[in-house]
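Data block below; observations after.
The values are calculated or read from the model by the stated rules, or taken from the named source; none is laboratory data. No experiment lies behind these values; they were computed from the predicted model shown. Methodologically, a virtual Cβ is constructed for each residue, glycine included, from the backbone with ideal geometry; neighbour enumeration extends over all protein chains shown. SASA here: full protein model, heavy atoms, side chains in, ligands and nucleic acids out. Shrake-Rupley method; radii C 1.70, N 1.55, O 1.52, S 1.80 Å.
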Amino acid sequence: APKLVGALVAFAGVATVIGGGQELSLGASLVGDLMTLGAAVLWAVYTVAATRMLQETDPLQATAWAVLGGALFLLPLGLWEMASAGGAGAGAAAGAGAAAGLTGGVVLAILYSGALAAGVANVFVFNAIRLIGPTRVTVSQFLVPFGAVVLGAWLLQEPVGVAQLAGGVVIVLGVWLTRRRTVLPATLRERIGAT
């Protein structure tokens, strides 16, 4: 029960952080906000699905397969993006423009993203799943949207609203609840036990 309540509370905090942004409209901002919420849900599914696999697979091996699978999934999208990078012009000119944009720096950025940002982080996450379980790992990851808000305020001087701060507090409360053995206060547990 504490894990479920904590996860729901933390997810409500994520929704509050996202909804408490500068504005929540029916335009592109809403699409991005919904994608962020969807990412939180998919991350929860991902960590739970990884739990069984990690009983038989080393975290480094699991990470290698996850990164490879993700790369293969994104490859057609990347190729399509490169092919359409030339704008309205199609054909050889668009393909040449896209190939010109594939510089050494771009390739290094892709390798950094796959090897470090995804690879090393996944090894840590998979080890954490083995040690503390998928629920606590997932709920801890719900801190990421609030962390992005804090970093945006610090590094980019983006405004932070009261709702976003409140959402961060709610996320921390959810993380705290998942670490408890029960959500009921001791006095209420004693009253229930006495009856």
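Numbers below:
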{"read-out": "19 Å reach of a label modelled at T51, 7 Å along Cα-to-Cβ, counting backbone N of region 121-149", "value": "123-143"}
{"read-out": "Extension reserve of the D58-L42 stretch, reckoned as 0.36 nm per residue once the Cα distance is removed", "value": "3.6 nm"}
{"read-out": "Solvent-accessible area, 1.4 Å probe, carbon plus sulfur percent, for region 33-76", "value": "76"}
{"read-out": "Derived scalar couplings ³J(HN,Hα) [region 140-153; Karplus, 6.51 cos²θ - 1.76 cosθ + 1.60; whole Hz; x for Gly, Pro]", "value": "5, 5, 5, 6, 4, x, 5, x, 5, 5, 5, 5, x, 5"}
